[in-house]
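All remarks here apply to the structure that follows.
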């Protein structure tokens, strides 16, 4: 078989034939990988005759092309272009409060919004709030959801639900959960769901008349959610039943008769367990209602953007989305990343990639519905791994990330929907364009008015950190993200030590990265002094601290670094709650699963004490000074 025939077929369907390695070398994709991806797309390519036949059948259809949609752009409020804003980003689960049940919830989100609004912030950004596996709450990564269209009921503030009674949970259990330094998802789920079950049973006897919780509102929510909502609720009820019977929460572990939503076994279960399915419909409605209340609280507190939500790049292959709509994902493929500076072997994220074939065939209905649901309560929306609008790195089942390849997606159609929904709901769109960004992609983002995502840690070259004035205007600027260390941790090089301890890099790479960090500390101080955000009085202390690899971060450097971010012309600037409270442990250590407490660690400061946290006043003061409300 001629190699170029397979290449032509792969190119036509958007399969990348090569990509750049971390050392700059061009890596060419193996034929087996091309065939695996084409097969997942439903394209016959097993041998030469099939390849030739598939090429002929492809006809005159055009492969994907990276370009923006002419005359179409995302929403961008007029006030923002003349008055750049700032806000706070956090992990909702990490919030401590005197009233929550061991995990941050929507009531906490409203309370934090009021506090940071008083400090001058225009938004509060949160982690993805997507639906997890309620029957297996230990699967807690917000970036590996069961279904991105729906919400996580563990964020419901149970004590705010009409009909809640104090004896619905043992106060001693709640005190124990609050005292933990990491979220115990299993215990939280057990106690919260039990209490919510009790309240649900009361509602069946007498539906409450509280404003905002009317029966007609619930019925309208269920009608609007349609088959996708019903499918998710059915999955959750069935998943709980399966776990009780000794199976896993994910459908790939279930008996064959239950692995298909339209099977007779599933139909019989739905009929017999109608109340359980209705309970999960109710949970989704409660979560949506309380998220709406939190969004209103943020706006009422004076935030002009309000809530800034997050859209994960994919869904778990055994979750609600893939079970209820299996043709929406590519079989035997997972999303990942090629080898890079942080992970020498590359990454396999364990997420199911969407099927571009099905997306086109269904006129992108699911994508539109998801974007609509996410932007309805959001003044801003972050698209995790924004390059997914154009390409995803796919790893064939059983293969290594190093042997994966990129698949291109119908970017024009996806951008058309994204811009339409953004305009309809007035939602600012931010694209996380970190890692490998293909040539021309950021131009497409700019033309579509999608804000770039600029991380100070990365905004540098061989001579030092970039000047604030050199940041793009159409961007969100910040110090770091959930996948990167806090500023205190970065200063000490804790992230390098963690990567070495967990086997993500070898000793030689660790030593090299420690030397690089020492150089970065010195260059950061030079830059802050040169750019005028670190005064001479604090320069000497900063220089001394930079030379000591074990030194603690001086407050002057903490404030000055945020001053650099605030002084950029970027329309938005973000401050991590973890930096406002002086945390040192990272939220997530990419490349690890169970060896590090990813997505569990709580913030050390209760939200009632947030305004008096160590760095809160000084950091917020510099943000206000550089970005005052108009």
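A few points about this structure:
- Remark: relative contact order (the chain) = 19 percent; criterion is Cα-Cα distance under 8 angstrom and separation of 6 or more residues.
- Compared with the direct C-alpha span, the chain from residue 502 to residue 26 gains 168.5 nm at full extension, assuming 0.36 nm per residue.
- Relative contact order of the stretch 3-58, pairs being alpha-carbon contacts under 8 Å that are 6 or more residues apart, as %: 34
- As a rough guide to protection, the peptides 200-206, 607-613 ranked by mean Cβ packing within 10 Å, highest first, stand as 607-613, 200-206.
- Measuring nothing but how far apart in sequence close Cα pairs (under 8 Å, 6+ apart) lie, relative to its length, the stretch 1-122 scores a relative contact order of 18 percent.
- Prolate/oblate/rounded label for the stretch 477-581 (Cα gyration tensor, a/c 1.5): oblate
- Shape call, the stretch 139-284: gyration tensor on alpha carbons, a/c limit 1.5: oblate
- In the stretch 516-630, the C-alpha radius of gyration followed by the widest Cα-Cα span (Dmax) gives 15.7, 47 angstrom.
- At 1.567 mPa s and 4 °C, Stokes diffusion of the stretch 71-208 via Kirkwood alpha-carbon radius, µm² per second: 77
- Descending by average beta-carbon neighbour count within 10 Å, the peptides 446-457, 271-282, 183-194 line up as 446-457, 183-194, 271-282, the highest first.
- Annotation: the residues 531, 364, sorted from fewest to most other C-beta atoms within 10 Å of their own C-beta, follow the order 531, 364.
- Over all Cα atoms in the stretch 3-58, the spread is summed up by Rg and Dmax: 11.8, 39 Å.
- Residues 221, 458 arranged by fewest to most Cβ contacts within 10 Å: 458, 221
- Two-decimal ratio, the stretch 280-367, of alpha-carbon radius of gyration to 2.2 N^0.38 Å: 1.48
- Estimated [θ] at 222 nm from DSSP helical runs (n ≥ 4, -39500 (n - 2.57)) normalised by residues in the chain, nearest 500: -13000 deg cm²/dmol
- The packing ranking of peptides 571-581, 499-509, highest mean first, is 571-581, 499-509, where packing means the average number of other beta carbon atoms within 10 angstrom of each residue.
- Residue 400 paired with residue 202, simple spin-label distance in nm, labels 7 Å along Cα-to-beta-carbon: 5.8
- The base-10 log of I(q)/I(0) for the stretch 230-335, evaluated at q = 0.20 Å⁻¹, reads -1.03 [Debye formula, identical scatterers on Cα atoms, solvent excluded].
- Counting DSSP beta bridges with both ends in the chain, the antiparallel % (nearest 5): 45
- Stretch gain in nm, segment residue 593-residue 611, where the contour uses 0.36 nm per residue and the Cα spacing is subtracted: 3.1 nm
- Sorted by Cβ neighbour density within 10 Å, fewest at the top, the residues 318, 300: 300, 318
- Cα-based radius of gyration for the chain, normalised by 2.2 N^0.38 Å, reads 0.97.
- Taking only the Cα atoms of the stretch 321-437, the radius of gyration and Dmax are 15.0, 43 Å.
No lab work stands behind these numbers, since they all come straight from the coordinates. The structure presented is a predicted model; accordingly, all values stated were derived computationally and were not measured. Because the Cβ atoms are built from the backbone with ideal geometry, glycine has one as well, and the counts that use them run over all protein chains shown.
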